Amino acid sequence: MRRIANAHRSYAHPLAWWFPDDGRELLFTAGHEGDGELRCWDTVSGLRVVDFEADEWLLVHNGALAPLPDGRLILATSDPDGLHRWDAHTGQSLGRIESTTIWHVTTAPSASGRLLFVGAGIDGHLHRWDAATGEPEGSSWKCHSGYALTVTSLTLPDGTPLVATGGEDGTVRRWHAETGKPVGEPLTVSPDGRAFNLASCQLPDGRVLLLARDEVQGIHRWNAATGEPIGPPLRMGKLFPHTTAVVPVAGAPRVIVASEDETVHQWNALTGEQLAPPHPGGAAAAALRPDGTAVLATGSHDGALRLDELGTDWKSRTPLPSLPAQSEAVPPRRTITD
């Protein structure tokens, strides 16, 4: 475990990992509303490499990264006014796209092969924008009665690109990412709860696991292709989930939940076995390195970031060499400690 102290003035929210070809391991993070802090860290060196052009009242719900064919990397953040696009290499603002409140954003392919940002809106619609230009991609899709609260994208074993949404109506719905046509029947999490924190992960047997958290029963798991439940809900208590991630670790999917009590829990997503003692943190982001090992970033209310290596995936390859940071966009202001 490593720690970056004082990464933000108050609450630290890990948004997304990125692993460029030069061996760096970049982590994008946001601060609390009123801090105006959106940053990128090289977690190998511990240096802050990008400060984004954010205003004081920046409020970020979550973020997604889109690599473009021309070499650009675009970060999109969801917020109460819509979607904000940024040049992830320089921190330059590419402008806010005024829209309804967007609770959650991910990336998905278009029918033409272009990469889109896809946002779950407070109006119950799924909104789509060209990641490169920010232009709307057709009309929005009505996906839920009440708010659309969460969205994730995945690829089924047969290659079908899928977008899954969760809403205030207590359902998870699957859509063909390119056509917007429904895939299968709605999946119900609870008649009295809302669907939060969608995440997905490929299983060793080739199936794709889709999971969602609600406020009543816990974590629901399905076969993403068929909609069949994978066991009963995993009971996690009634604490409100801030973030949920799932990542393969040593041959098994690990679900990581950061809750409102500022603790992070880890379980085997299939068996429900607790895999690590809870540790402090109010938000988390997990990812696979190019070598197949899983990494976890946790943010705390004191502004610190905790970095953990979770293990080796069943598809692990020869590790990339760790290289020093190539350049710093801002003077180094924080240090990383073991």
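The values are calculated or read from the model by the stated rules, or taken from the named source; none is laboratory data. Nothing here was measured: the structure is a model prediction, and the numbers come from that model. Note that each Cβ is placed from the backbone with ideal geometry, even for glycine, and that neighbours are counted across all protein chains shown. Side chains are part of the model used for accessible areas, which takes the heavy atoms of the whole protein and leaves out ligands, DNA and RNA. Shrake-Rupley method; radii C 1.70, N 1.55, O 1.52, S 1.80 Å.
For the stretch 242-289, the set of residues classified as touching a Leu at 6+ places or on another chain (Cβ under 7 Å), open to solvent by 10 Å² or more (accessible area, probe 1.4 Å) and not in a strand (DSSP E or B) consists of Glu260, Asp261, Gly272, listed by residue number. Among the conditions (1) open to solvent by 10 Å² or more (accessible area, probe 1.4 Å); (2) in contact with a strand residue (DSSP E or B) (Cβ under 6 Å, 6 or more places away or on another chain), the only one that Ala212 does not satisfy is (1). Scoring Asp313 on the criteria (1) closer than 23 Å to Gln202 by Cα; (2) over 17 Å from the mean Cα position of the chain (by Cα); (3) surrounded by 17 or more Cβ atoms within 10 Å (Cβ to Cβ); (4) modelled with pLDDT of 85 or more leaves a single failure, condition (4). Checking each residue in the stretch 20-76 for being open to solvent by 40 Å² or more (accessible area, probe 1.4 Å) and within 19 Å of Ala294 (Cβ to Cβ) picks out Arg24, Val44. Of all residues in the stretch 113-129, those that are open to solvent by 10 Å² or more (accessible area, probe 1.4 Å), free of Cβ contacts under 8 Å to residues at least 40 places away in the same chain and of a type outside the set (A, V, I, L, M) total 5.
Consider the stretch 153-195 and keep the residues that are open to solvent by 20 Å² or more (accessible area, probe 1.4 Å), of a type in the set (S, T, N, Q) and part of a loop (DSSP other than H, G, I, E, B). The one that is nearest to Ala120 (Cα to Cα) is Thr179. Candidates in the stretch 96-106 are the residues that are of a type outside the set (D, E, K, R) and in contact with a strand residue (DSSP E or B) (Cβ under 6 Å, 6 or more places away or on another chain); of these, the one that is modelled with the lowest pLDDT is Ser99.
With respect to (1) surrounded by 14 or more Cβ atoms within 10 Å (Cβ to Cβ); (2) on the phi > 0 side of the Ramachandran plot; (3) of a type outside the set (Val, Ile, Thr), the lone exception for Gly138 is condition (1). Of all residue pairs spaced 6 or more apart or on separate chains, none has beta-carbon atoms under 9 Å together with a first member in the stretch 142-157 that is without any contact (Cβ under 8 Å) to a residue 12 or more places away in the chain and a second member that is crowded, with 23+ Cβ neighbours inside 10 Å and of a type outside the set (A, V, I, L, M).
Scanning the stretch 84-108 for residues that are closer than 14 Å to Gly124 by Cα and in contact (Cβ under 8 Å) with a residue 40 or more places away in the chain yields a total of 4.
Among the residues making up the stretch 7-17, a single one is surrounded by fewer than 21 Cβ atoms within 10 Å (Cβ to Cβ), outside any strand (DSSP E or B) and of a type outside the set (Ser, Thr, Tyr): Arg9.
One line per residue, one yes/no per condition, for (1) of a type outside the set (Val, Ile, Thr); (2) modelled with pLDDT under 90; (3) under 21 Å from Ala16 (Cα atoms):
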| residue | (1), (2), (3) |
| --- | --- |
| Thr160 | no, no, no |
| Glu168 | yes, no, no |
| Asp192 | yes, yes, no |
| Ala195 | yes, no, no |
| Gly218 | yes, yes, no |
| Ala224 | yes, no, no |
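Among the numbered conditions (1) more than 18 Å from the chain's Cα centre (by Cα); (2) closer than 24 Å to Val216 by Cβ; (3) free of Cβ contacts under 8 Å to residues at least 24 places away in the same chain, the only one that Ala276 does not meet is (2). With the condition kept exactly as written, say whether any residue in the stretch 18-34 is assigned to a strand (DSSP E or B) and more than 17 Å from Leu307 (Cβ to Cβ). No: the stretch 18-34 contains no residue that is assigned to a strand (DSSP E or B) and more than 17 Å from Leu307 (Cβ to Cβ).
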